[in-house]
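The values are calculated or read from the model by the stated rules, or taken from the named source; none is laboratory data. A quick note: this is a predicted structure, and the numbers were derived from the prediction, not measured. Note: ideal-geometry Cβ built from the backbone for every residue, glycine included; neighbour counts use all protein chains shown. Areas reflect the complete protein model, heavy atoms only, side chains present, ligands, DNA and RNA absent. Shrake-Rupley method; radii C 1.70, N 1.55, O 1.52, S 1.80 Å.
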Amino acid sequence: MQFARTDFPEGFLFGVATSSYQIEGHGFGGAGPTHWDSFAATPGNVVRAEHGAVACDHYHRWATDLDLIAAMGADVYRFSTSWARVLPEGTGQPNAEGLDFYDRLVDGMLARGLKPAATLYHWELPQALADQGGWRNADMPDWFADYTHLVMSRIGDRVWSAAPINEPWCVSWLSHFEGAHAPGLRDIRATARAMHHVLLSHGRSIQVMRDLGMKNLGAVCNFEWAEPASDSPEDIAAANRYDAIYNRFFLGGLFKGAYPAEVLAGLGPHLPKGWEDDFPTIQAPLDWLGLNYYTRKLIRHADHAWPSYAEAPTRLPLTQMGWEIYPDGLRDFLIRTARDYSGTLPLFVTENGMANPDRVDQPDAARIAYLGSHLQAVQAAIAAGAPVAGYFVWSLMDNYEWSLGYEKRFGLIHVDFETLARTPKASYHALAQWWRD
Ligand code: IFM
């Protein structure tokens with residue numbers, strides 16, 4: 001598969017994405033403890049109890065990492081700032097070293113002609129706030145607004161774009177209902193509160209950034225295409241519930257000022273008092289919407305309590321994550337999102353990529369094929385009228401894949417976690433060729 005920039009609309013942007021805890025090395029530079037550190041230190045939560053203390057040591061190696069991004073011809077670098085790095089206690093006294101780090105990083109991007117695309121929260125909640133209930137606590141929107149103000153007063157004048165929270169579904173449902181990510185809860189009431197507070201915090205953060213005079217503000221949601229495992233009405237209803245929880249809840253809050261009935265059927269009694277009045281804040285106007293897309297799930301009815309669904313066996317080739325490779329889902333999400341929710345608002349694919357058991361001495365042909373097929377899906381969505389303005393690969397380099405530790409390799413650049421040596425993979429070189437053409 002071959003691509004060139006001319007295969008996409010003029011001004012279409014290509015980029016790569018990472019996040020702070022996954023690459024920086026949280027043990028460096030005076031960052032405070034986070035709920036990921038305590039989650040990882042609890043046996044059984046993370047493969048081999050691995051954590052982000054060193055990760056890729058991007059904290060010290062950021063300049064060479066930015067050189068690698070620039071050398072491949074990327075337009076945009078999507079990165080995140082760490083709340084606990086700039087506010088070790090979550091509120092109160094800032095860590096000057098942390099703010100200086102992001103200042104240098106943004107200047108480093110600009111010096112290399114890269115557009116800095118900042119995300120304020122990519123999951124490492126300061127432990128001091130987790131101790132107070134984290135996303136369950138109704139004070140989160142205030143704490144998040146203050147954190148937004150601190151960071152963006154420093155770098156907001158130079159970032160190209162900003163988004164408050166990466167993947168609200170992971171922050172809330174995956175972490176509070178499924179217990180798969182920090183804080184590892186399995187509690188329906190905590191889930192309802194987290195889902196709503198995440199959206200409310202998003203809205204407050206957007207307002208803070210607007211008040212600072214910032215432009216090009218967006219939201220980044222992750223979506224998973226859901227299809228019924230059979231034609232039975234029960235399986236169809238189960239797939240609809242999955243879609244409502246995973247995808248339509250967040251889009252509904254952001255663009256319609258309403259939550260889907262299928263979600264309220266389960267979470268309604270547990271939402272915080274007065275939640276219906278928060279939509280004007282949640283719906284703070286956006287300049288773009290980011291979609292993170294990886295896979296599809298086949299869903300069947302399950303005879304247990306709400307939401308009464310289960311994943312059915314997959315039918316297509318899988319990535320190292322065990323995720324089906326299903327590029328049509330990306331095409332269909334882009335088309336459906338524009339049609340049903342965001343209209344003419346520019347859409348960005350803010351994450352897409354695959355984990356693969358890469359070895360440094362073997363070309364990652366599977367990743368090249370994955371990226372190629374998903375770029376074709378983007379082209380198909382554009383041809384169908386979806387206003388897609390850019391595509392960013394997850395991820396720049398192999399990194400900490402949360403509860404799966406360092407084993408799942410998503411990078412365009414191989415990282416040897418013993419020596420921390422970076423080696424660009426065949427996919428890096430393929431994209432460099434496509435992007436420079
Ligand atoms: O590594 C994650 C990232 O932090 C958020 N989106 C999905 C990626 C792959 O699981």
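A few notes on this one:
- Three-way shape label, the range 256-358, alpha-carbon gyration tensor, a/c 1.5: oblate
- Amide H contacts for V76 (H built 1.01 Å from N in the peptide plane; partners 5 or more residues away or on another chain; cut-off under 5 Å): F14, G15, V16, K115.
- Estimated translational D of the chain in µm²/s (Stokes, Kirkwood radius over Cα pairs; 25 °C; 0.890 mPa s): 113
- Tail weight of P(r) past 18 Å, computed on alpha-carbon pairs of the range 341-437, percent: 50
- As a ratio to 2.2 N^0.38 Å, the alpha-carbon radius of gyration for the range 322-375 is 1.42.
- Equivalent ellipsoid semi-axes - Cα gyration tensor, the range 276-326, angstrom: 31, 21, 7
- Accessible-area order (highest first, 1.4 angstrom probe) of the listed residues S38, S205: S38, S205
- Simple rule: put +1 on each Lys or Arg Cβ and -1 on each Asp or Glu Cβ in the range 122-164, find the dipole, and look at A138, G156, A128; the Cα lying farthest toward the positive end is G156.
- Basic side chains Lys and Arg get +1 at the Cβ, acidic Asp and Glu get -1 at the Cβ, and with that the dipole of the range 91-135 about its Cα centre reaches some 260 debye.
- Reachable aspartates and glutamates, given that their alpha-carbon falls under 13 Å from the alpha-carbon of K115 and they are not under 8 places away in the same chain: D75, D107, D157
- Cα-based equivalent ellipsoid, the range 97-245: semi-axes from gyration tensor eigenvalues, Å: 32, 19, 13
- Surface composition of the chain: carbon and sulfur make up 52 percent of the accessible area, probe 1.4 Å.
- Using distinct alpha-carbon pairs, which all enter the 1/r mean, Kirkwood radius of the range 210-303 in Å: 15.0
- Accessible surface calculations at 1.4 Å, restricted to protein heavy atoms, place the range 189-312 at 36 Å² per residue.
- With every protein chain in place and a 1.4 angstrom probe, the accessible-area ranking of K256, K215, K297, K273, largest first, reads K273, K215, K256, K297.
- Relative to the current alpha-carbon distance between A4 and D303, full extension at 0.36 nm per residue lengthens the span by 102.7 nm.
- Cα coordinate range in the range 71-142, projected on the principal axes (Å, largest first): 44, 23, 17
- In units of the rule-of-thumb radius 2.2 N^0.38 Å, the range 396-437 shows an alpha carbon radius of gyration of 1.28.
- Neighbour cut-off at most 12 other Cβ (10 Å), DSSP loop, GluC sites (Glu not before Pro), the range 365-437: E418
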